[in-house]
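Peer 1: First the structure, which I've put down as structure tokens, then a few questions once you've had a look.
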Amino acid sequence: MKIAKKVLKTIGVLLGFIVVIVLGYIIYLYASYHRIEDNKSLSVESHTETKQTLTTGKQYSAITYNIGFGAYTPDFSFFMDGGKSSWAKSKKSVLKTVKNAGNLTKSYDPDFALIEEVDLNSTRSYHVNEYDILKDCFADYDTVFAQNYDSAFLFYPFTQPHGKSRSGLALFSRYPVTDSLRRSFSVSTSSSTFFDLEIGKASL
């Protein structure tokens, strides 16, 4: 009888401990949740030497590329898509993949390039600042970054928790970008030229 009581007590303590951990995690998720503000001013880094502006009657080239936080090598499968992995293969792989993606995009010599799912400081990509790598690839372009993802630490999958993620969109322009850039969910009806790509709005 005493043994049974000890077993039940031990089980009760363990269950209580698990409940405390779960509740603590839920509180952490709610406490850390925040919405990235709308109409947020974005910082433009100017590197273009040209002073030309966009005009009508001329063709411009634009390219978009979702680099999948530098993880999507040919053998990668993401757990949220039914795959097995929640992180990139390695830090070395992230560095190589992002650099190759940037060089490939630049090889098309686009006037504008919008690169998606660029991590700044994420567990899944070994805290590599992927935006810095891409800026090296587009050294002679004006550039701006719009963060659209900032998640709390995700303790799933349990064998390799996805962790905390900060990610966004990187815009590279061969033409000067004005300092009036802002992050917005609205759709512009202005007569000026805009990029309205989900959350990024850039006035050129």
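Peer 1: Can you give the percent of C-alpha pairs in the range 102-164 whose distance is more than 14 Å?
Peer 2: Details: 1208 of 1953 pairs.
Counting every Cα pair in the range 102-164, those more than 14 Å apart make up 62 percent.
Peer 1: Any of K99/K164; K58/K96; K9/K164; K89/K164; K135/K164; K58/K106 with alpha carbons more than 27 Å apart? Name them for me. Walk me through the numbers before you get to the answer.
Peer 2: Details: K99/K164 23 Å; K58/K96 36 Å; K9/K164 36 Å; K89/K164 17 Å; K135/K164 23 Å; K58/K106 21 Å.
Checking Cα-Cα distances, K58/K96; K9/K164 exceed 27 Å.
Peer 1: Out of the chymotrypsin sites (Phe, Trp or Tyr not before Pro) in the range 62-133, which ones are loop residues according to DSSP with at most 14 other C-beta atoms within 10 Å?
Peer 2: Values: sites: Y65, F69, Y72, F76, F78, F79, W87, Y108, F112, Y126, Y131; in loops: Y72, F76, W87, Y108, Y126.
Those satisfying the criteria are Y108.
Peer 1: Could you state, as a whole-number percent, how many of the C-alpha pairs of the range 35-90 are farther apart than 18 Å?
Peer 2: Pairs farther apart than 18 Å: 67 percent.
Peer 1: Rolling a 1.4 Å sphere over the protein heavy atoms, what is the accessible area per residue of the range 1-88, to the nearest Å²?
Peer 2: On the way: 7160 Å² over 88 residues.
With the other protein chains kept in place, the range 1-88 gives 81 Å² per residue.
Peer 1: Take I36, I21 and sort them by solvent-accessible surface of the protein heavy atoms, 1.4 Å probe, largest at the top.
Peer 2: Working: I36 30, I21 95 Å².
These residues rank, largest area first, as I21, I36.
Peer 1: Further question: How many percent of the accessible area of the range 69-118 is carbon or sulfur, using a 1.4 Å probe?
Peer 2: Details: 1460 of 2740 Å².
C and S fraction of accessible area: 53 percent.
The values are calculated or read from the model by the stated rules, or taken from the named source; none is laboratory data. Note that the coordinates shown come from a computational prediction; the quantities given were computed from them, not determined experimentally. As a convention, Cβ positions derive from the backbone with ideal geometry for all residues, glycine included, and neighbour counts pool all protein chains shown. Surface accessibility is based on the protein's heavy atoms, side chains included, excluding ligands, DNA and RNA. Shrake-Rupley method; radii C 1.70, N 1.55, O 1.52, S 1.80 Å.
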